[in-house]
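The values are calculated or read from the model by the stated rules, or taken from the named source; none is laboratory data. None of these values were measured; they are calculated from a predicted model. Glycine also receives a Cβ, built like all others from the backbone with ideal geometry; neighbour counts cover every protein chain displayed. For the accessible areas, the whole protein counts, side chains as well, though only heavy atoms, and no ligand, DNA or RNA atoms are used. Shrake-Rupley method; radii C 1.70, N 1.55, O 1.52, S 1.80 Å.
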Amino acid sequence: MRSYIEQADFFKGNDPEKIAEEFGTPLYVYNEDIIRDRMRRVANVITKYPYRANYSCKTNTNLDILKIALSVGVNADAMSEGEMRMLLKAGFPPERIFYVCNNVSADEMRFAIDNGIPISLDSLDQLRLFGEINRGGRCAVRINPGVGAGHHEKVVTAGKKTKFGIAEEDIDKIFDIAAEHDLKIVGINQHVGSQFLDATPFLAAVDNLLRIAMKFGDLEFIDFGGGYGIPYHKLDDEKEFDMEHFSKEFTEKLDRFIPQYGSAPLFKSEPGRYCVAEGGVILGRVHSIKQNSGIKYIGTDVGMNVLVRPSMYDSWHDIEVISNGHVVYRDKDELEKVTVCGNICESGDVLCKDREMPKIADNDLICVLDAGAYGYSMCSSYNTRLRPAEVMICSDGSVKLIRRRETFEDMFAFY
Ligand code: LLP
């Protein structure tokens, strides 16, 4: 692909240079149409049976993005009190939120209970705690289906090496604790891991969870988790996740399960990245170019405080270069190997190492692709830098500030 920004018409005719000048850099820029489109796709993964997608909002909790999810008709999952509060503020009714927590306090659980938000417990201890503070309550349990998947060992959330879920051999203990506290187990859920383009492990985990579901009578829902991947190497024409094929195979598994189980509970999945990653980019400014021991460093304002994924997981993000408002194409003759880095006091503060890029000049803009998921939501104020602003290219082509840049006054407000 020559240029994703152009192919997707990401800025809808707006000049990225003007946007950068008006709102400053580093800047998160989202495209409403792309986000709506991906949310609609996940909402229709299963059409034959009762099905709901939960947007996993840990990927991005900007209120405007949550409102898109709400309007498209997807539900949402939350991992913390903060995420539950953001979803409530965006207008989600409590019953459309699913609190999938891990190692939380009784107080945080109480927040969900008091607000009528359905909850899943992911250990026997947490189930017991829930029973103690909410005798007779309804809840789901998170099962470790024994199969994991993901782009990095840090994001594999099932299988043998993870803190998540209750192992299959402990299922009888779930029933004992439920009986002791008069709990009704209404759902089971799982999440195998994040960012797979090949759905084989996910589908294997579906089989396992459906087999395990047979041990639970009368479930109201079964939630298979998220993890659908996106093509991070899109400039090299990486193929996208084959949603159509996936839907077909997924549905066939449900076809076989329902007659055995005797009824069709509500089926759910929990995609996060797929919904928002491709609908977000970061605009950053080049402030310095230098050679150190034969390596050419492109110094920008997109540090690991703005996007931590490359330094945390060695993740690849395609980067386009914008000079005077125009994309500089990756014309083979013009490529040169560079290391693009940020302005943070760590040598690991790099967006990409030794990458073939088109010629970059001081004051150019870089546009980091696929930053809509786990971008802003993982940014920090490291080196006491201000969190960036976020703008939306709306469906009508207008550019809207959807979260202002942090200020030094905000920082001092903690004292
Ligand atoms: N459900 C549960 C219970 C999860 O733990 C996660 C992600 C999701 C759903 C959504 O997964 P997705 O569809 O987005 O893959 N920060 C890492 C990813 C961590 C994922 C954690 N759990 C990254 O930047 O790649």
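Observations on the model:
- Filter pass, PRO388 being open to solvent by less than 10 Å² (accessible area, probe 1.4 Å), within 24 Å of PRO310 (Cα to Cα), touching a residue at least 60 places away in the same chain (Cβ under 8 Å) and in contact with a Leu (Cβ under 9 Å, 6 or more places away or on another chain): yes
- Matching residues in segment 4-22 - criterion: being without any contact (Cβ under 8 Å) to a residue 24 or more places away in the chain and under 16 Å from LEU369 (Cα atoms): GLN7, ASP9
- CYS352 passes every criterion in (1) over 28 Å from ARG38 (Cα atoms); (2) surrounded by 17 or more Cβ atoms within 10 Å (Cβ to Cβ) apart from (1).
- Selection within segment 149-178 - open to solvent by 30 Å² or more (accessible area, probe 1.4 Å) and within 12 Å of the ligand (Cβ to nearest atom): GLY150, HIS151, HIS152, GLU153, LYS154, VAL156, THR162, LYS163, PHE164
- In this entry, TYR30 passes the filter for residues that are under 15 Å from the mean Cα position of the chain (by Cα) and aromatic (Phe, Trp, Tyr).
- Of all residues in segment 279-294, those satisfying the criterion of being out of contact with any Lys or Arg (no Cβ under 7 Å at 6 or more places or on another chain) and either crowded, with 23+ Cβ neighbours inside 10 Å or not in a strand (DSSP E or B) (or both) are GLY280, VAL281, ILE282, LEU283, GLY284, SER293, GLY294.
- Residues that are of a type outside the set (A, V, I, L, M), under 30 Å from the mean Cα position of the chain (by Cα) and outside any helix (DSSP H, G or I) within segment 242-265 comprise ASP242, PRO265, listed in sequence order.
- The residue of segment 179-207 that is farthest from the ligand (Cβ to nearest atom), among those that are in a helix (DSSP H, G or I) and buried (at least 19 other Cβ atoms within 10 Å of the Cβ), is VAL206.
- Whenever a residue of segment 356-375 is closer than 26 Å to LYS58 by Cα, its partners that are among the acidic types (Asp, Glu) and more than 16 Å from the ligand (Cβ to nearest atom), lying with C-beta atoms within less than 7 angstrom and at least six residues away or across chains, give the pairs CYS367/GLU320; LEU369/GLU320.
- Failed item, numbered, when TYR232 is tested on (1) hydroxyl-bearing (Ser, Thr, Tyr); (2) without any contact (Cβ under 8 Å) to a residue 40 or more places away in the chain; (3) assigned by TED's automatic domain parsing to the domain that holds LYS67: (2)
- Failed item, numbered, when LYS234 is tested on (1) in contact with a strand residue (DSSP E or B) (Cβ under 9 Å, 6 or more places away or on another chain); (2) surrounded by 15 or more Cβ atoms within 10 Å (Cβ to Cβ): (1)
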